[in-house]
Structure formats: C-alpha cells, structure tokens
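Following: one structure in structure tokens, then a few remarks.
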Amino acid sequence: MRENETLERRSRINSEIRDSIDKTLEECSGFLRHNFNHLQVHNYKYDFNEATEELGLDADLIDQLLEDYVAQILKSKVQFVQHLQKLKTAQEKSEELDYTLFRELAHKNLGVARNLRVKDGIEILQELLKRDNLDYLGVCIEALESCAIRLKPKCAYEALKLMNIKKFL
C-alpha cells in the first residue's frame, strides 16, 4: 500500500513539473517580448553550428554542456531568489543593499553562457550584473529560467524532477 502512495505522489509531482514546463514554454516568447523586447531575446534560437565552429567541439559535447548549463541555471534560480529576498528585506529595513553574492552568482553563470554562446542567457545575465531595481531583477531571474527551459525542455524537466526529489530527502 505504501509503495502505491509513493508511486502516486511521484506521478503527481512529475505531472506538475511537466505542466509547469509546458506552461513556461507557452508563455516564454510573450513574456520575453513584453519584458525584454529591448534585448531581442524573445525570438532567439540557439545555433549549434556557431558553437561547434567557434569552440571546435563536436555537437554531442556541446549538447552535454548545454544540458549542464540548463541544470546549473535552474539550480542557480533558487539561489538568485534567496539573494533577492535578502536584498528586498534589507531594502524594507532601509539598510544598505549588498549585491555581492547576487552579482557573483550572475558572473559565474555568465561565464558559462559566454563559453557556450548562449546569447539570450548572456543578455539577461548582463542585466543581472548591472541593474539595481529589485523588481526588474526578479523578472530577469524568471526570464533566465524561461530561456534555459526553452533551450532544453527535456533536460529542464529532468533537472527539476531531481531537484524536487532532493527537496523531499
């Protein structure tokens, strides 16, 4: 009986993750067009040929590195949100805002995006590095997640599923 409950719970969680990814993919272009039209990231399609030529790596390796990038962005989103919440709390208390940890995380992810030539990620991560408006930074975090999911939806699903399982352990 307990095994059935576990399987049902996993099935429900997996369904929720799939629904979340489907919803993100549906909303992604409109969201990016509305909030980031000035960055021209809403119509972006990753160019494997450009990456393989410039990096001198084969497509399979690029594909694996992109999967690692997607998982890294999804994990980093949790940290970005935590840092952003701390900044908002400090702002509410009229304390000095220290963006150091937030910016370091953006810089780390920017290096990976640049290496892989993920142009929409580069644009959004640069915004995270230079902007101070906390509401705008929150929108940037959501856009970054949307771009990662759009880049490799199946990988994003697997990464989110694993993150969800780890949360329950």
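Tabulated data for the structure shown
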quantity	calculated
Ranked packing of 57-66, 93-102, 146-155, most packed first, by mean Cβ within 10 Å	146-155, 57-66, 93-102
Mean Cβ count within 10 Å, highest first, over the residues of peptides 118-126, 47-55	118-126, 47-55
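Taken together, the values in this text are just the output of simple stated rules run on the coordinates, not laboratory data. The structure presented is a predicted model; accordingly, all values stated were derived computationally and were not measured. Glycine gets a Cβ as well: all are built from the backbone with ideal geometry, and neighbour counts include every protein chain shown.
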